[in-house]
Each structure stands twice: as C-alpha cells, then as structure tokens.
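The values are calculated or read from the model by the stated rules, or taken from the named source; none is laboratory data. The model shown is predicted, which means the values in this text are computed figures rather than measured ones. Glycine gets a Cβ as well: all are built from the backbone with ideal geometry, and neighbour counts include every protein chain shown.
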Amino acid sequence: MAVTENTNRGLFTLSGITGMLIATVLLLSILVGLTMWDISVQKQQATNYYDPAPIVGSLTNVKPQSTANAKFAFQPAK
C-alpha cells in the first residue's frame with residue numbers, strides 16, 4: 001500500500017474555519033435560546049412562590065414534648 005497524502009483539505013471547508021464558525025454559532029445560539037427560556041420561566045414563577053400551608057397545615061395541635069409527636073416522625077418500613 002502506498003501512503004497517499006490528503007490533498008482535498010482546505011482552509012474554508014467544513015473541516016476548517018467554516019466548520020468551526022458554524023459550530024461556534026450553533027452553540028452560541030443554543031446558549032442564547034436556553035438563557036431566554038430560563039429568564040421567561042423565572043419571570044413566570046416569580047409570583048408563584050412556594051406555599052407550605054397545604055403540607056404543614058396547622059401545627060397548633062403538636063405539643064413541644066409529647067409522645068404523640070412520634071406519628072409525625074420517620075416511620076421505618078414494616
């Protein structure tokens with residue numbers, strides 16, 4: 001087998017500067033798109049804050065030192 005040299009290479013082909021620029025523009029456009037999407041989601045959720053009331057409910061029935069508090073603690077699997 002004779003060793004052949006690749007003579008089909010060029011500076012402005014897809015494997016050269018043009019390909020690098022296409023990849024860079026593609027990655028930057030993805031970054032800009034995801035950043036804009038993130039900002040819009042943050043704006044929408046800024047007024048939709050977490051409200052723990054449905055989970056916690058009223059803690060007025062829980063006494064500071066009571067054995068009944070055990071039902072609120074972690075229960076091991078049976």
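Of note:
- In the range 1-22, the residues that are at pLDDT 75 or above form Cβ pairs under 7 Å with partners that are small (Gly, Ala, Ser) and assigned to a loop (DSSP other than H, G, I, E, B), at six or more places apart or across chains, as follows: GLY16/GLY10.
- Residue in the range 40-50 that is loosely packed, with under 10 Cβ neighbours inside 10 Å, out of contact with any helix residue (DSSP H, G or I) (no Cβ under 9 Å at 6 or more places or on another chain), assigned to a helix (DSSP H, G or I) and modelled with pLDDT under 85 present: no
- Hey, LEU28 in a helix (DSSP H, G or I), surrounded by 10 or more Cβ atoms within 10 Å (Cβ to Cβ) and at pLDDT 95 or above or not: yes
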